[in-house]
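Novice: Got a structure for you, questions after.
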Amino acid sequence: MFSWVSKDARRKKEPKLFQTVAEGLRQLYAQKLLPLEEHYRFHEFHSPALEDADFDNKPMVLLVGQYSTGKTTFIRHLIEQDFPGMRIGPEPTTDSFIAVMHGPTEGVVPGNALVVDPRRPFRKLNAFGNAFLNRFMCAQLPNPVLDSISIIDTPGILSGEKQRISRGYDFAAVLEWFAERVDRIILLFDAHKLDISDEFSEVIKALKNHEDKIRVVLNKADQIETQQLMRVYGALMWSLGKIINTPEVVRVYIGSFWSHPLLIPDNRKLFEAEEQDLFKDIQSLPRNAALRKLNDLIKRARLAKVHAYIISSLKKEMPNVFGKESKKKELVNNLGEIYQKIEREHQISSGDFPSLRKMQELLQTQDFSKFQALKPKLLDTVDDMLANDIARLMVMVRQEESLMPSQAVKGGAFDGTMNGPFGHGYGEGAGEGIDDVEWVVGKDKPTYDEIFYTLSPVNGKITGANAKKEMVKSKLPNTVLGKIWKLADVDKDGLLDDEEFALANHLIKVKLEGHELPADLPPHLIPPSKRRHE
């Protein structure tokens with residue numbers, strides 16, 4: 001008679017099917033996490049509610065740095081095009097947050113119009129008021145790089161006396177809002193005048209809990225000599241170690257990210273390698289965007305759960321009638337003890353708790369009598385989301401990634417080093433001689449032949465045992481020498497003739513010079529006598 005009840009219960013237990021990861025995240029947030037956030041007023045304490053655009057938007061890169069560290073020039077270098085609102089100079093020029101995004105036509109959208117556009121992920125920024133919105137805009141333009149990512153340029157962080165001037169809005173809070181939603185945070189430093197002002201230090205501390213997104217760029221490195229560069233790099237790592245309180249070392253990229261000639265070209269190869277590594281990191285963002293959003297939702301859910309325990313604990317301690325104000329002051333002062341009690345009772349990691357000082361400040365203005373008591377059903381729903389729904393979405397993330405293996409940022413500076421003779425490593429290491437008519441190994445072959453004929457060749461070939469005696473003199477590990485043997489034994493007969501032995505020695509030299517070995521033997525390294533068989 002009540003069969004509809006059992007059907008409904010079964011329907012709730014059946015896993016939901018989603019078409020995309022973004023759709024799954026959007027539905028899980030709206031149905032399972034948002035009710036918990038609203039019940040315990042999470043948005044008043046931590047972060048505004050997420051909207052559809054937060055799940056659908058392109059990956060974003062946030063640039064942060066003191067004035068004149070080259071943030072705007074860095075964007076110009078990446079997209080190889082001027083953008084509306086761009087100003088470059090040695091003084092504090094960028095006084096606005098500029099979202100550089102793709103658009104059909106070139107133009108500027110002012111902040112007040114931007115935060116009412118439901119297609120953009122900026123609607124919740126209206127909480128920072130007109131003082132901020134007058135300093136916020138979107139520069140849109142048709143550019144291939146912006147097809148895949150959006151870039152947020154920020155005002156130069158002030159130093160000295162200038163940092164005492166009020167901006168009219170909470171600068172660190174705005175950066176923290178962006179940090180929660182972007183895929184990569186790039187901190188820029190000027191190698192020529194390295195210092196970290198008080199305001200910059202506060203900003204970096206505001207990025208706490210987002211260390212996994214942070215990358216550091218030591219810019220304008222071509223302006224100083226190698227010895228000075230080493231000292232500046234060491235000073236930067238020391239300073240960052242004091243501010244970013246993590247045991248891991250932050251990844252620092254060294255270079256000069258602009259299109260001008262290098263002033264001191266001594267470290268050209270280092271700068272090329274560093275730029276290539278940074279470009280690879282940025283190019284991977286579209287492919288990893290779904291995983292980042294999934295990771296951010298999990299972090300948000302864990303914080304929301306802890307927040308619910310804090311609010312319900314404060315509610316439980318409040319008297320019903322008299323002495324509410326004095327009890328509130330006592331609870332705020334003893335919030336650290338409440339944290340420890342919750343940590344013990346619910347086996348929660350201390351790293352999941354919000355900043356104690358910030359929470360105490362926010363609680364000062366709250367009416368504790370309006371807080372809600374603990375509602376286990378809401379917490380169980382979030383636990384179920386984390387235990388089951390998220391696991392299914394993880395499988396979908398991998399499936400989506402496998403269907404889009406080539407998805408990467410294209411255009412602008414990213415195309416400049418992809419192909420042709422100016423690609424990273426072209427003509428170096430195993431690539432040496434790629435454009436030569438003659439076999440590159442041939443120039444050193446007479447030297448290798450002298451060694452070859454001392455190894456007792458039979459019918460023009462030496463055995464693996466005899467080759468090993470000579471190859472181990474390089475002191476390379478057996479794993480590396482095994483790979484060199486596999487590449488050099490072109491005809492796969494388990495023996496080496498004079499050309500193959502010369503090739504093996506050439507590859508040993510490549511490795512000893514610090515280059516990587518190729519996965520497969522490049523065509524230009526195949527011995528001339530073997531090419532007709534290929």
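The values are calculated or read from the model by the stated rules, or taken from the named source; none is laboratory data. All figures in this text were calculated on a predicted structure; none of them were measured in a lab. No Cβ is skipped: glycine too gets one built from the backbone with ideal geometry, and neighbour counts run over all protein chains shown. Note: areas computed on protein heavy atoms with side chains; ligands, DNA, RNA excluded. Shrake-Rupley method; radii C 1.70, N 1.55, O 1.52, S 1.80 Å.
Novice: What distance in nm separates the simple spin-label points at V108 and S284, each placed 7 Å from Cα in the Cβ direction?
Specialist: 3.7
Novice: Quick one: compute a quarter of the convex hull surface over the Cα atoms of the stretch 198-259 and quote it in nm². Walk me through the intermediate numbers first.
Specialist: Working: hull surface 19.9 nm².
The orientation-averaged projected area of the Cα hull of the stretch 198-259 comes to 5.0 nm².
Novice: Let me cross-check Y426: its accessible surface, 1.4 Å probe, with only protein heavy atoms counted, in Å² to the nearest 10?
Specialist: Counting only protein heavy atoms, the figure is 80 Å².
Novice: Let me ask something else about it. Would you mind getting me the FRET efficiency between E202 and N459? Use the beta-carbon distance for r and R0 = 60 Å, nearest 0.05.
Specialist: 0.20
Novice: Determine the gain in length on full extension of the stretch A173-V472; use 0.36 nm per residue of separation and subtract their C-alpha separation, reporting nm with one decimal. If you can, show how the numbers build up before the last one.
Specialist: On the way: separation 299, 0.36 × 299 = 107.64 nm, distance 5.91 nm.
Gain on stretching A173 to V472: 101.7 nm.
Novice: Another question, if that's okay. Considering only protein heavy atoms and a 1.4 Å probe, what is the carbon-and-sulfur percentage of the accessible area of the chain?
Specialist: Details: 14300 of 27410 Å².
Result for the chain: 52 percent of the exposed heavy-atom area is carbon or sulfur.
Novice: Cα convex hull of the stretch 293-402: mean projected area in nm², to one decimal? Let's see the in-between values first.
Specialist: Details: hull surface 31.9 nm².
Across all orientations, the stretch 293-402 yields a mean hull projection of 8.0 nm².
Novice: Between 0 and 90 degrees, rounded to the nearest ten: what's the tilt of helix 390-403 against the longest Cα principal axis of the chain?
Specialist: The angle comes out near 40 degrees.
Novice: Next up: Using heavy-atom solvent-accessible surface (probe 1.4 Å) with all chains present, what is the largest-first order of R119, R181?
Specialist: Output order, biggest surface exposure first: R119, R181.
Novice: Moving on to the next point. What is the helix-to-structure angle for 285-317, meaning the angle in degrees between its Cα long axis and the longest Cα principal axis of the chain, kept from 0 to 90 and rounded to the nearest 10?
Specialist: 30
Novice: What's the angle, to the nearest 10 degrees (0 to 90), between helix 478-488's Cα axis and the longest principal axis of the chain?
Specialist: Between the helix axis and the principal axis of the chain, the angle is about 60 degrees.
Novice: State log₁₀ I(q)/I(0) for the stretch 26-114 at q = 0.20 Å⁻¹ as given by the Debye formula over alpha-carbon point scatterers of equal weight, solvent excluded.
Specialist: Results for the stretch 26-114 at q = 0.20 Å⁻¹ read -1.02.
Novice: Something else now. Taking only the alpha carbons of the stretch 104-229, what extent do you get along each of the three principal axes, in Å, biggest first?
Specialist: So the three principal-axis extents are 51, 37, 27 Å.
Novice: Semi-axes of the stretch 429-530's equivalent ellipsoid from the Cα gyration tensor, sqrt of 5 times each eigenvalue, largest first, rounded to whole Å?
Specialist: 19, 16, 13
Novice: Counting only heavy atoms of the protein chains, get the accessible area per residue of the stretch 429-530 (1.4 Å probe) and round it to a whole Å² value.
Specialist: On the way: 5370 Å² over 102 residues.
Counting only protein heavy atoms, the per-residue value for the stretch 429-530 is 53 Å².
Novice: When averaged across all projection directions, what area in nm² does the alpha-carbon convex hull of the stretch 21-170 cover? Spell out each step's value before the answer.
Specialist: On the way: hull surface 40.5 nm².
The directionally averaged projection comes out at 10.1 nm².
Novice: Relative contact order for the chain using alpha-carbon pairs under 8 Å, separation at least 6, rounded to a whole percent? The partial results should precede the final answer.
Specialist: Working: 683 pairs, mean separation 77.5, N = 534.
That works out to 15 percent.
Novice: Hey, got a sec? Which GluC sites (Glu not before Pro) in the stretch 429-497 land in a DSSP loop and have at most 16 other Cβ atoms within 10 Å? Before the final figure, lay out the partial values.
Specialist: Values: sites: E432, E438, E450, E470; in loops: E432, E438.
Passing both the DSSP loop test and the Cβ count: E438.
Novice: Going by accessible area, probe 1.4 Å, with all protein chains left in place, what is the ranking of L521, L229, largest first? Don't skip to the answer; put the middle values down first.
Specialist: Working: L521 35, L229 10 Å².
I get L521, L229, largest accessible area first.
Novice: Related question: Using all alpha carbons of the stretch 79-156, what is the percent of pairwise distances in each 5 Å bin, ordered from the shortest bin to the longest?
Specialist: 3, 15, 26, 25, 18, 10, 2, 0
Novice: Further question: Report the calculated FRET efficiency for K193 and V250 (r = Cβ-Cβ distance, R0 = 22 Å), to the nearest 0.05.
Specialist: Values: r = 20 Å, r/R0 = 0.91.
In this case the efficiency is close to 0.65.
Novice: Something else now. Do me a favour and compute the ellipsoid semi-axes for the chain from its Cα gyration tensor, root of five times each eigenvalue, largest one first, whole Å. Let's see the in-between values first.
Specialist: On the way: eigenvalues 577, 192, 110 Å².
Each semi-axis is √(5λ); the values are 54, 31, 23 Å.
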